1. Within the group T60, T51, which residue is free of Cβ contacts under 8 Å to residues at least 40 places away in the same chain and more than 11 Å from the chain's Cα centre (by Cα)?
2. If we keep just the residues of the range 36-69 that are of a type in the set (A, V, I, L, M, F, W, C) and out of contact with any strand residue (DSSP E or B) (no Cβ under 6 Å at 6 or more places or on another chain), which is least open to solvent (accessible area, probe 1.4 Å)?
3. Six or more apart or on different chains, Cβ under 6 Å: which pairs go from a residue in the range 26-41 that's farther than 11 Å from C80 by Cα to one that's open to solvent by 40 Å² or more (accessible area, probe 1.4 Å) and at pLDDT 95 or above? Could you list them?
4. Can you name the condition, by its number, that E72 falls short on among (1) in contact with a Leu (Cβ under 8 Å, 6 or more places away or on another chain); (2) surrounded by fewer than 20 Cβ atoms within 10 Å (Cβ to Cβ)?
5. Specify the residue that is most open to solvent (accessible area, probe 1.4 Å); the eligible residues are those in the range 75-92 that are of a type in the set (A, V, I, L, M, F, W, C) and under 16 Å from H21 (Cα atoms).
Amino acid sequence: MSDQDKNGFKVEFKKSGLTAHWNLNVETLLELAEDAGVAADSSCQSGTCHTCLVKVIEGTFDYGGNDVFAPESDDEILICSAVPTSNMVIDV
């Protein structure tokens, strides 16, 4: 069963203390973060440099068809290329 509500998946940016709801107007978690006013580090925006690497505290995600060099750890995410597949809490 999905935890998506009528507003979309809830994404909490832990360090920033901000929360946003995933919507189809954004393509990545990085874009959602920026739209919510979260200052997130990024550079290449293609999943190769790992500048946007953050810790996943809770939730699941997918890189879809993006050809990224995914982190080895399951509790890290490249927010420039990922989308949520559940409610999430990430450490940014």
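1. Selected residue: T51, the only one of T60, T51 that is free of Cβ contacts under 8 Å to residues at least 40 places away in the same chain and more than 11 Å from the chain's Cα centre (by Cα).
2. Going through the qualifying residues, I end up with A40.
3. A36/L18; V38/S16; V38/L18
4. (1)
5. V83
The values are calculated or read from the model by the stated rules, or taken from the named source; none is laboratory data. Predicted model, so just to flag it, every value in this text is computed and none were measured. Every residue, glycine among them, receives a Cβ derived from its backbone with ideal geometry; neighbour counts consider all protein chains shown. Heads up: the accessible areas ignore ligands, DNA and RNA and are worked out on the full protein's heavy atoms, side chains in. Shrake-Rupley method; radii C 1.70, N 1.55, O 1.52, S 1.80 Å.
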